[in-house]
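Chemist: Take this structure, written in structure tokens, and hold onto it; I'll ask about it next.
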Amino acid sequence: MRFSENFEAAKNMAVEAAQTAAAKAKELAAVAKANIAIYAEEDKVKKAEIELGKLYYRDYAVGEELDTAEYLPWCQKIDESKKAIAELKDFIASLREEEEPAEAETEAAPTDDDFEIVVADEPKADQTPAAEAPKTEETPAEEAPKTEE
């Protein structure tokens with residue numbers, strides 16, 4: 001009966017570890033997808049800004065009056081992309097906030113109270129420390145006498 005209890009406990013621990021790993025993998029995949037979406041939106045912003053700049057410079061170079069109706073769609077695209085980027089960054093932040101409390105509960109950081117300070121006893125004035133053994137010079141292996149065989 002003892003073996004089956006140990007086996008069951010080990011099995012439950014392995015299942016729990018696998019579930020935790022799967023949940024972490026899903027979370028990391030969601031963060032990665034969000035980051036890719038952010039990069040795509042940033043690329044859209046850059047392209048829209050380039051097009052807007054081209055239109056503005058064209059009107060400036062020709063000396064025409066600035067046509068805000070022509071600029072407005074590009075400005076709206078930029079605003080939409082920046083809003084999407086902000087939402088994606090909030091999503092990533094919310095995923096990371098959900099992760100932190102779970103880790104804090106399972107693994108508390110050690111404090112000073114968790115450690116015991118041990119101070120070595122110093123010899124008292126009436127006690128003298130043991131004298132060190134005198135050092136002897138060893139003869140190098142090269143100078144050792146050779147034995148004949």
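Chemist: For Glu42, are the conditions met, namely being in contact (Cβ under 8 Å) with a residue 60 or more places away in the chain, surrounded by 11 or more Cβ atoms within 10 Å (Cβ to Cβ) and charged (D, E, K, R)?
Modeler: For Glu42, the condition - in contact (Cβ under 8 Å) with a residue 60 or more places away in the chain, surrounded by 11 or more Cβ atoms within 10 Å (Cβ to Cβ) and charged (D, E, K, R) - is not met.
Chemist: Going through the stretch 65-92 one residue at a time, which ones are in a helix (DSSP H, G or I) and farther than 27 Å from Lys33 by Cα?
Modeler: Thr68, Ala69, Glu70, Tyr71, Leu72, Pro73
Chemist: Within the stretch 1-54, which residues are acidic (Asp, Glu), over 30 Å from Asp67 (Cα atoms) and within 24 Å of the chain's Cα centre (by Cα)?
Modeler: The answer is Glu16, Glu27.
Every read-out reported here was derived from the displayed coordinates using simple, explicitly stated rules and does not represent laboratory data. Owing to the predicted nature of the structure, the values given are computational and were not obtained by experimental measurement. Note: ideal-geometry Cβ built from the backbone for every residue, glycine included; neighbour counts use all protein chains shown.
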